[in-house]
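**Student:** Got a structure for you, written out below as structure tokens; questions coming shortly.
The values are calculated or read from the model by the stated rules, or taken from the named source; none is laboratory data. As the structure is a computational prediction, the values presented were derived from the model and not from experiment. Here Cβ is always computed from backbone atoms with ideal geometry, including for glycine, and neighbour counts include all displayed protein chains.
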């Protein structure tokens with residue numbers, strides 16, 4: 001079966017899907033995107049991803065190309081056509097097609113790309129062992145709350161992690177604060193068992209999975225503090241873990257050459273991963289998962 005994509009009003013074989021060389025996504029990374037996990041053929045936190053896409057586009061002064069309900073129809077059709085059981089939906093909306101000029105062009109229609117494919121993050125076996133991460137200087141722009149496609153600093157950080165045979169790269173400011181990772185949010189567990197993660201704002205992307213984990217942690221009675229923490233604190237933490245759309249909850253057992261605690265996934269991370277897995281299973285058990 002040929003893989004199918006959606007581009008500007010047409011469902012087309014993926015290998016034939018094209019965009020204009022004058023699309024502002026290719027010229028300026030003038031676009032926003034979302035990635036949603038698909039589990040059991042249905043999306044996880046679909047409404048949250050649609051809301052965040054609308055917010056990102058609003059912050060960029062790009063009009064929503066269609067209603068969330070209409071965009072959901074496209075997502076659902078692609079999951080069906082591509083027979084995705086566990087995988088991802090990718091949505092990208094750019095300002096549109098216009099001759100190259102920095103200022104916003106007048107009277108252009110946003111461009112829309114949607115794809116769906118199988119493959120949803122690391123296995124449970126990886127999480128049971130925990131992962132190594134490295135660090136990189138956070139050199140990104142100052143509006144990280146917008147899920148924009150200009151991800152070159154993230155790409156460089158992730159490549160540095162790959163070269164170091166690490167799973168991810170923590171992004172660290174010049175004054176030593178861990179903001180997040182190249183493609184996930186960062187968490188630590190302090191010596192007293194409290195859960196700490198960077199507060200939302202322009203410094204980080206407010207992860208949809210992050211919000212769910214905060215809710216699950218509070219429901220479980222785990223003390224939670226949203227505050228900035230330093231790399232020095234992370235290195236001395238009782239536990240460290242990452243979260244993300246396809247990462248779920250991923251225990252970190254090593255940062256660079258430093259082993260975290262006893263070098264094994266901690267009880268808080270393991271518990272939250274189990275709770276999140278149960279949440280995903282419950283959320284994707286009916287077609288209500290597609291509601292917006």
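**Student:** Within segment 5-22, track down each residue that is more than 24 Å from the chain's Cα centre (by Cα), under 15 Å from residue 112 (Cβ atoms) and not in a loop (DSSP other than H, G, I, E, B).
**Tutor:** Within segment 5-22, 10, 11, 12 meet the criteria.
**Student:** Is at least one residue of segment 233-240 at pLDDT 95 or above, surrounded by fewer than 18 Cβ atoms within 10 Å (Cβ to Cβ) and out of contact with any strand residue (DSSP E or B) (no Cβ under 6 Å at 6 or more places or on another chain)?
**Tutor:** Yes, because at least one residue in segment 233-240 is at pLDDT 95 or above, surrounded by fewer than 18 Cβ atoms within 10 Å (Cβ to Cβ) and out of contact with any strand residue (DSSP E or B) (no Cβ under 6 Å at 6 or more places or on another chain).
**Student:** Determine which member of the set 79, 155 is over 24 Å from residue 289 (Cα atoms) and modelled with pLDDT of 95 or more.
**Tutor:** Within the list 79, 155, the selection yields 155.
**Student:** Within segment 161-180, is there a residue that is in a helix (DSSP H, G or I), surrounded by 15 or more Cβ atoms within 10 Å (Cβ to Cβ) and either assigned by TED's automatic domain parsing to the domain that holds residue 261 or modelled with pLDDT of 95 or more (or both)?
**Tutor:** Yes, segment 161-180 contains a residue that is in a helix (DSSP H, G or I), surrounded by 15 or more Cβ atoms within 10 Å (Cβ to Cβ) and either assigned by TED's automatic domain parsing to the domain that holds residue 261 or modelled with pLDDT of 95 or more (or both).
**Student:** Which of the following residues is in contact (Cβ under 8 Å) with a residue 60 or more places away in the chain and in the same structural domain as residue 140 (by TED's automatic domain parsing): 196, 208?
**Tutor:** 208
**Student:** Is it the case that residue 62 is in a loop (DSSP other than H, G, I, E, B) and without any contact (Cβ under 8 Å) to a residue 40 or more places away in the chain? Before the answer, list the steps.
**Tutor:** Numbers: in a loop (DSSP other than H, G, I, E, B): yes; without any contact (Cβ under 8 Å) to a residue 40 or more places away in the chain: no.
Judged against the criteria, residue 62 is not a match.
**Student:** Consider segment 242-276. How many of its residues are part of a helix (DSSP H, G or I) and either farther than 24 Å from residue 49 by Cα or in contact with a strand residue (DSSP E or B) (Cβ under 7 Å, 6 or more places away or on another chain) (or both)?
**Tutor:** Residues flagged as part of a helix (DSSP H, G or I) and either farther than 24 Å from residue 49 by Cα or in contact with a strand residue (DSSP E or B) (Cβ under 7 Å, 6 or more places away or on another chain) (or both) within segment 242-276 amount to 8.
**Student:** Just to be sure before I move on: is residue 115 outside the structural domain of residue 184 (by TED's automatic domain parsing) and touching a strand residue (DSSP E or B) at 6+ places or on another chain (Cβ under 8 Å) in the structure I sent?
**Tutor:** yes
**Student:** Here's something else I'd like to know. Going through 193, 244 one at a time, which residue ends up being in contact with a helix residue (DSSP H, G or I) (Cβ under 8 Å, 6 or more places away or on another chain), under 22 Å from residue 131 (Cα atoms) and surrounded by fewer than 22 Cβ atoms within 10 Å (Cβ to Cβ)?
**Tutor:** 193
Residues are listed down the side, and each one gets a yes or a no for (1) crowded, with 17+ Cβ neighbours inside 10 Å; (2) in contact (Cβ under 8 Å) with a residue 12 or more places away in the chain; (3) in a loop (DSSP other than H, G, I, E, B):
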site: 66; (1), (2), (3): no, yes, yes
site: 71; (1), (2), (3): yes, yes, no
site: 84; (1), (2), (3): yes, yes, yes
site: 91; (1), (2), (3): yes, yes, no
site: 101; (1), (2), (3): no, no, yes
site: 106; (1), (2), (3): no, no, yes
site: 109; (1), (2), (3): no, yes, yes
site: 114; (1), (2), (3): yes, yes, no
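**Student:** Could I ask something else about it? One residue is enough: does segment 271-286 have a residue meeting the conditions surrounded by 21 or more Cβ atoms within 10 Å (Cβ to Cβ) and closer than 28 Å to residue 157 by Cα?
**Tutor:** yes
**Student:** Is there any pair linking a residue in segment 3-14 that is closer than 12 Å to residue 111 by Cβ to one that is part of a loop (DSSP other than H, G, I, E, B), with Cβ under 6 Å and at least six apart or on different chains, and which?
**Tutor:** Within 6 Å, the pairs are 7/17.
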